[in-house]
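**Student:** One structure, pasted below without further comment.
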Amino acid sequence: MKLTSYEHRGQLLVGAVVGERVVDLSSVVLSLGHDAISRDSMLALLAGGDAAMEAARKHLAQASRQAIALNDVRLLAPIPRPGKIVAIGRNYADHAAETGVKPFENPRIIAKLPSCVVGPGAVVRRPTGVTKLDYEVELGVVVGRRAKLVSRADALEHVAGYTILDDVSAREFQFDVSPAQTTFAKSMDDFCPLGPWIVTRDEIPDPQRLALKLWVNGELLQDGNTHDMIFGVAQLIEYISRYMTLEPGDVIATGTPAGVGAFRKPPRWLQPSDKVELEIAGIGRLLHWIG
């Protein structure tokens with residue numbers, strides 16, 4: 001399934017995308033005892049676990065004729081306000097190399113604060129005074145089951161699905177100040193375009209075999225594959241859950257391949273009116289603009 005949050009006729013709803021249409025899953029959310037018209041509805045659906053996913057699949061089979069056209073809705077970030085976003089720094093060997101560091105022995109954990117999330121088609125506003133605005137295409141892992149002290153062998157059982165994430169950064173706050181303000185650099189308003197939907201785990205059995213790309217104004221700037229991650233999805237869940245409980249709706253931003261703007265010669269910074277497109281095989285394409 002492709003799970004989405006969307007706005008239709010002034011209501012915030014949860015649904016599933018089937019082809020070029022959206023099926024409303026409000027009845028499933030209501031059956032879980034939650035308000036179906038809420039920015040937290042996706043969190044409620046994910047917290048319902050396997051039973052909720054099965055109910056959603058049955059509803060899709062019965063209600064497909066009631067779907068509305070994608071063009072008639074506004075897609076939102078699939079999780080408008082995640083509980084937390086755990087980002088992983090320099091998790092691709094080629095990206096580590098372009099930054100001039102050796103691969104880390106353990107994952108480098110960074111936070112992106114949930115208030116920076118925006119949806120497909122959003123305008124990422126460049127803050128006043130920021131000139132070194134950068135992009136990073138990343139696989140977003142959406143947690144579906146509470147995870148604490150999870151083994152690597154069982155880790156993927158705790159995944160609800162996968163989405164696309166742009167880890168936008170104000171590099172002057174990350175690299176040009178001491179001490180570095182990495183979380184701040186990555187958590188400014190609009191700095192986490194997310195979407196366009198969550199593809200459930202059953203449709204992506206191996207998250208380590210996904211091509212991912214990013215274009216700015218049609219120019220391909222990042223072209224990698226998740227098999228080049230230093231720490232794969234299962235290993236990341238094992239490591240993070242050793243110290244921090246992961247909860248349904250949390251997102252892990254798994255790192256980016258080489259080609260980011262900061263390490264190009266000369267650097268390539270995002271500018272107002274730039275069109276940024278991100279694509280991950282098996283998930284789809286996420287578009288946003290720079291304002």
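The values are calculated or read from the model by the stated rules, or taken from the named source; none is laboratory data. Note that the structure is a prediction, hence the values are computed from the model and not measured. Cβ placement follows ideal geometry from the backbone for every residue including glycine, while neighbour counts extend to all protein chains displayed.
**Student:** Within the range 238-246, can one find any residue that is in contact (Cβ under 8 Å) with a residue 24 or more places away in the chain, of a type in the set (A, V, I, L, M) and touching a Phe, Trp or Tyr at 6+ places or on another chain (Cβ under 8 Å)?
**Tutor:** In the first step, residues of the range 238-246 are kept if they are in contact (Cβ under 8 Å) with a residue 24 or more places away in the chain; the result is 238-242, 244-246.
Then keep just the ones that are of a type in the set (A, V, I, L, M); that gives 240, 244, 246.
Next, from what is left, pick out any that are touching a Phe, Trp or Tyr at 6+ places or on another chain (Cβ under 8 Å): none.
For the range 238-246, residues in contact (Cβ under 8 Å) with a residue 24 or more places away in the chain, of a type in the set (A, V, I, L, M) and touching a Phe, Trp or Tyr at 6+ places or on another chain (Cβ under 8 Å): absent.
**Student:** Take the range 48-98 and flag every residue that is assigned to a loop (DSSP other than H, G, I, E, B), of a type outside the set (Val, Ile, Thr) and under 23 Å from the mean Cα position of the chain (by Cα). Walk me through it before giving the result.
**Tutor:** Within the range 48-98, the first condition is being assigned to a loop (DSSP other than H, G, I, E, B), and the residues that meet it are 48, 67, 73, 76-84, 90-91.
Next cut, of a type outside the set (Val, Ile, Thr) only: 48, 67, 76-78, 80-84, 90-91.
Result: Gly48, Leu76, Ala77, Pro78, Pro80, Arg81, Pro82, Gly83, Lys84, Arg90, Asn91.
**Student:** For Ala234, are the conditions met, namely being in contact with a helix residue (DSSP H, G or I) (Cβ under 9 Å, 6 or more places away or on another chain), buried (at least 19 other Cβ atoms within 10 Å of the Cβ), of a type outside the set (Lys, Arg) and outside any loop (DSSP other than H, G, I, E, B)? Steps first, please.
**Tutor:** Values: in contact with a helix residue (DSSP H, G or I) (Cβ under 9 Å, 6 or more places away or on another chain): yes; buried (at least 19 other Cβ atoms within 10 Å of the Cβ): yes; of a type outside the set (Lys, Arg): yes; outside any loop (DSSP other than H, G, I, E, B): yes.
In short, yes.
**Student:** So which of Ile88, Ile79 is under 26 Å from Arg285 (Cβ atoms) and either free of Cβ contacts under 8 Å to residues at least 40 places away in the same chain or touching a Ser or Thr at 6+ places or on another chain (Cβ under 6 Å) (or both)? Spell out the reasoning first.
**Tutor:** On the way: Ile79 fails: either free of Cβ contacts under 8 Å to residues at least 40 places away in the same chain or touching a Ser or Thr at 6+ places or on another chain (Cβ under 6 Å) (or both).
Result: Ile88 is the single residue among Ile88, Ile79 that is under 26 Å from Arg285 (Cβ atoms) and either free of Cβ contacts under 8 Å to residues at least 40 places away in the same chain or touching a Ser or Thr at 6+ places or on another chain (Cβ under 6 Å) (or both).
**Student:** Identify all residues within the range 61-116 that are acidic (Asp, Glu), out of contact with any strand residue (DSSP E or B) (no Cβ under 8 Å at 6 or more places or on another chain) and within 22 Å of Val168 (Cα to Cα); write none if there are none.
**Tutor:** In the first step, residues of the range 61-116 are kept if they are acidic (Asp, Glu); the result is 72, 94, 98, 105.
Of the ones still in play, those that are also out of contact with any strand residue (DSSP E or B) (no Cβ under 8 Å at 6 or more places or on another chain) are 98, 105.
Within the range 61-116, Glu98 is the sole residue that qualifies.
**Student:** From the residues in the range 4-62 that are at pLDDT 90 or above and on the phi > 0 side of the Ramachandran plot, which one is surrounded by the most Cβ atoms within 10 Å (Cβ to Cβ)?
**Tutor:** Gly49
**Student:** Just one of (1) of a type outside the set (S, T, N, Q); (2) farther than 21 Å from Cys116 by Cβ; (3) over 17 Å from the mean Cα position of the chain (by Cα) trips up Gly224, so point out which.
**Tutor:** Only one criterion is unmet by Gly224, namely (3).
**Student:** Please verify whether Leu139 is among the aliphatic types (A, V, I, L, M), at positive phi and in contact (Cβ under 8 Å) with a residue 40 or more places away in the chain, treating the condition exactly as stated. Break it down into steps so the answer makes sense when it comes.
**Tutor:** Details: among the aliphatic types (A, V, I, L, M): yes; at positive phi: no; in contact (Cβ under 8 Å) with a residue 40 or more places away in the chain: yes.
So Leu139 does not fit the description; no.
**Student:** Could we say that Pro193 is at negative phi and part of a loop (DSSP other than H, G, I, E, B) here?
**Tutor:** Working: at negative phi: yes; part of a loop (DSSP other than H, G, I, E, B): no.
No, not satisfied.
**Student:** Then there's this: Identify the residue in the range 127-138 that is among the charged types (D, E, K, R) and not in a loop (DSSP other than H, G, I, E, B) and, among all such residues, is farthest from His95 (Cα to Cα). Quick ask: steps written out before the conclusion?
**Tutor:** Step one: of the range 127-138, the residues among the charged types (D, E, K, R) are 132, 134, 136, 138.
From what's left, not in a loop (DSSP other than H, G, I, E, B): 134, 138.
Working: Asp134: 14, Glu138: 12 Å.
My answer is Asp134.
**Student:** Exactly one of (1) modelled with pLDDT under 95; (2) buried (at least 19 other Cβ atoms within 10 Å of the Cβ); (3) among the small types (Gly, Ala, Ser) is unmet by Ala122. Its number?
**Tutor:** Going through (1) modelled with pLDDT under 95; (2) buried (at least 19 other Cβ atoms within 10 Å of the Cβ); (3) among the small types (Gly, Ala, Ser) one by one, Ala122 breaks only (1).
**Student:** Taking Gly218 as meeting all but one of (1) free of Cβ contacts under 8 Å to residues at least 40 places away in the same chain; (2) out of contact with any strand residue (DSSP E or B) (no Cβ under 6 Å at 6 or more places or on another chain), write down the number of the exception.
**Tutor:** It fails just one condition, (1).
**Student:** Quick check on my filter: what residues within the range 163-175 are within 17 Å of Arg268 (Cβ to Cβ) and not in a helix (DSSP H, G or I)?
**Tutor:** First, pick out the residues of the range 163-175 that are within 17 Å of Arg268 (Cβ to Cβ): 166-172, 174-175.
Residues satisfying the conditions are Asp166, Asp167, Val168, Ser169, Ala170.
**Student:** Is it true that Val141 is within 21 Å of Val233 (Cα to Cα) and either in a helix (DSSP H, G or I) or within 14 Å of the chain's Cα centre (by Cα) (or both)?
**Tutor:** On the way: within 21 Å of Val233 (Cα to Cα): yes; either in a helix (DSSP H, G or I) or within 14 Å of the chain's Cα centre (by Cα) (or both): yes.
Considered against the rule, which asks whether it is within 21 Å of Val233 (Cα to Cα) and either in a helix (DSSP H, G or I) or within 14 Å of the chain's Cα centre (by Cα) (or both), Val141 comes out as yes.
**Student:** Does Asp202 fit the bill of being farther than 15 Å from Ala258 by Cα, charged (D, E, K, R) and not in a loop (DSSP other than H, G, I, E, B)?
**Tutor:** Answer is yes for this residue.
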